[in-house]
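To start, the structure itself, in structure tokens.
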Amino acid sequence: MRSFSRIALCAILSLAILWTVADFSYAQDVRTIYGGVVQKITIAIGGFAGFTLNGEDLGKLGAAVLANDLKFTTVFDVMEAAILPFDPGTVQLDQERAVMPGLAALKVQHLAVGQVSSRGREAVLEGRLFDVNTGNQVFAKRYVGDAKFFRLIVHRFADDIMFNLTGEKGVAQTRIAFVSAVSKTAKELFVMDYDGASLLPLTGNQTINLSPRWSPDGRLIAYTSYRNNNPDLFVLNFDSGRRDVLSAQRGLNITPAWSPDGQWLALAMSASGGTNLFIMPKAGGTPRPLTAGPTISVSPSFSPNGRQIVFNSDRGGTPQVYIMDVDGSNLHRLTFQGNYNASPRWSSRGEKIAFMCSLAGNQICLINPDGSGLQQLTSAGRNEDPAWSPDGRHIAFSSTRNGQRDIFVMHADGTEQRRLTNNGRENYLPDWSP
């Protein structure tokens, strides 16, 4: 079992992609806001001529992955190849300016160009970004890495484009951890790219594993496992491959949440009667109680500034969403519509809380931290387990709209809902990496 886990970890951690900076002289936020509406950046993709390595056309794959990455950001309007006044695949490095006039006529603002080659067993991507109006090169980088991780190389290029043009970190290199029911008795943890590709296992202990939660630096995952015949809290360290038991109190040790600084974990435990929230150092130690009493309080989530915690409790008779200060004071109820509201998650931007609401069945809703602005995002099937992307622009969730539970993603306004998993198993409890 140890070798199984180590193989998975080695694959996940093989992210060592080398790149060199050829030009980093231009960087600015080109977004324009009119009346509160962010105007999308129009961008065309050129190059990526066919290049086969290990039986796969990396040129075709690279163009498709880059287009999907940029579209998903909600920041870019990616021009379809069919409407461009040239064949994108014919654009070569150092000849980019020849196509600028045609792009300018279509009011395209930027051109991203890629050229794929190999260096031994490694794949090489020469990536360049241009300002169409000025003809200036925004940046150029060479990305080199194992050809098995070519998608990750392209994700890096997409995130660099996002950062250079907006100043914001992209999510193309992020991953989503989740639970998958591999048998009637085994629920294992898996991880996949944000777009559902590159699926890898995190556990293989043939028992119940639940609620994976990435640490803010992405090096640790806290989760609950029954591997020792009790729902204990474990922490998986990606650097060392170690799996340490952080809390093994008798009874429940469930629904962990990391503080924004990564130094603390909040979780629910039942050893003292009832199910209450506690907070403890990430290295373990004596848990400090945040709630008390015979009722159930679970699913904590920290505010981005670390000063408050939103959680789910039935202390009022039905499961509802509550907020309290990080020391357990100033506790108050947030939701009042519906008789079952659960699994709250605070956005990284701080202005919204996503949760499962009981409006017309189990749906994903948003609410402001002051209790105003209730908004329903989903309507088809039973939808649960919302998890924010690190940039606060997207939400992962589970849904039964296609029969069994699967992992879906959508933009934070509820648009572009699409399925990521489709393996015939129950897939749920997603968590998005930083």
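The values are calculated or read from the model by the stated rules, or taken from the named source; none is laboratory data. Source: prediction; values computed, not measured. Here the Cβ positions follow ideal geometry from the backbone for every residue, glycine too, while neighbour counts run over all protein chains shown.
Six or more apart or on different chains, Cβ atoms under 9 Å: show the pairs whose first residue is in segment 342-354 and touching a residue at least 40 places away in the same chain (Cβ under 8 Å) and assigned by TED's automatic domain parsing to the domain that holds residue 303 and whose second is among the charged types (D, E, K, R) and assigned to a loop (DSSP other than H, G, I, E, B).
As it stands, the answer is 346/352; 348/391; 349/391; 349/393, since those pairs meet every condition given.
Check 84, 125, 53, 106 and return the single one that is under 25 Å from residue 170 (Cα atoms) and aliphatic (A, V, I, L, M).
125
Scan segment 329-358 for residues that are surrounded by fewer than 17 Cβ atoms within 10 Å (Cβ to Cβ), within 18 Å of residue 395 (Cβ to Cβ) and not small (Gly, Ala, Ser) and jot them down.
Listed by number, the residues that qualify are 349, 351.
Report every pair of residues separated by at least 6 positions or lying on different chains whose Cβ atoms are under 6 Å apart, first residue within segment 325-337 and in the same structural domain as residue 376 (by TED's automatic domain parsing), second exposed (fewer than 13 other Cβ atoms within 10 Å of the Cβ).
Close Cβ pairs (under 6 Å, with a partner that is exposed (fewer than 13 other Cβ atoms within 10 Å of the Cβ)) amount to 326/307.
Take segment 226-239 and flag every residue that is under 21 Å from residue 432 (Cα atoms), among the polar types (S, T, N, Q) and in a loop (DSSP other than H, G, I, E, B).
Once the filter is applied, which keeps residues that are under 21 Å from residue 432 (Cα atoms), among the polar types (S, T, N, Q) and in a loop (DSSP other than H, G, I, E, B), segment 226-239 yields nothing.
If residue 105 meets every condition in (1) in contact with a strand residue (DSSP E or B) (Cβ under 6 Å, 6 or more places away or on another chain); (2) closer than 22 Å to residue 90 by Cβ apart from one, which number is that one?
The single condition residue 105 does not satisfy is (1).
Among the strands (runs of 3 or more DSSP E) contained in segment 324-391, which hold 3 or more residues that are closer than 26 Å to residue 264 by Cβ, at pLDDT 95 or above and of a type in the set (Gly, Ala, Ser)?
none
What number of residues in segment 410-431 are part of a strand (DSSP E or B) and either acidic (Asp, Glu) or crowded, with 23+ Cβ neighbours inside 10 Å (or both)?
Count: 4.
Does residue 255 count as touching a residue at least 40 places away in the same chain (Cβ under 8 Å), assigned by TED's automatic domain parsing to the domain that holds residue 428, buried (at least 17 other Cβ atoms within 10 Å of the Cβ) and part of a loop (DSSP other than H, G, I, E, B)?
no
Among the residues of segment 90-105, are any in contact with a helix residue (DSSP H, G or I) (Cβ under 7 Å, 6 or more places away or on another chain) and modelled with pLDDT of 95 or more?
yes
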